[in-house]
Amino acid sequence: MGAVLTESAAGGAVNEVAGHYAIARCTIHKNARRRGVVAIRKLLPDDQTTEAIRLYEAGMNIADLASLFGVSHGGMRELLARSGVALRAKSRRGKGAPGKFTLEHYLG
């Protein structure tokens, strides 16, 4: 577990580190707390964070972004907010309804 926490603390996204070691994200967080690590909260690597911001600003909604990057809706919302992105009002399209556009629309 020491290598896992070292990699996470060095800037590895928790999702990537968890996938690399085939363990759950919550296992990383629990062990970090036990060892006195305050927080490991890098949801996505920098390049994916930049891409998520670009797609959101191009009009993609948080639910579709979360699905695309394999993270929770709340995690994606937090990532955008902590990155200084002005969040849009909630969509009224209904929970679980498919997005208006495909990924290709946003990628241009």
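Taken together, the values in this text are just the output of simple stated rules run on the coordinates, not laboratory data. Keep in mind the model is a prediction, meaning the values are calculated, not measured. Positions of Cβ are generated from backbone atoms using ideal geometry, with glycine treated the same way; all protein chains shown enter the neighbour counts.
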### Task
Work out the FRET efficiency for Tyr21 and Leu68 from their Cβ-Cβ distance, taking R0 = 22 Å, and round it to the nearest 0.05.
0.40
### Query
How large is ³J(HN,Hα), in whole Hz, for each residue of segment 69-86 in order, when computed from phi with the Karplus curve 6.51 cos²θ - 1.76 cosθ + 1.60 and θ = phi - 60°, using x for Gly and Pro?
9, x, 10, 6, 4, x, x, 5, 4, 5, 4, 5, 4, 5, 7, x, 7, 6
### Query
Residue by residue, what Karplus-based ³J(HN,Hα) values in Hz, rounded to whole numbers, does segment 51-68 have, using 6.51, -1.76 and 1.60 with θ = phi - 60° and x for Gly and Pro?
5, 4, 4, 4, 5, 5, 5, 7, x, 5, 8, 4, 4, 5, 4, 4, 5, 4
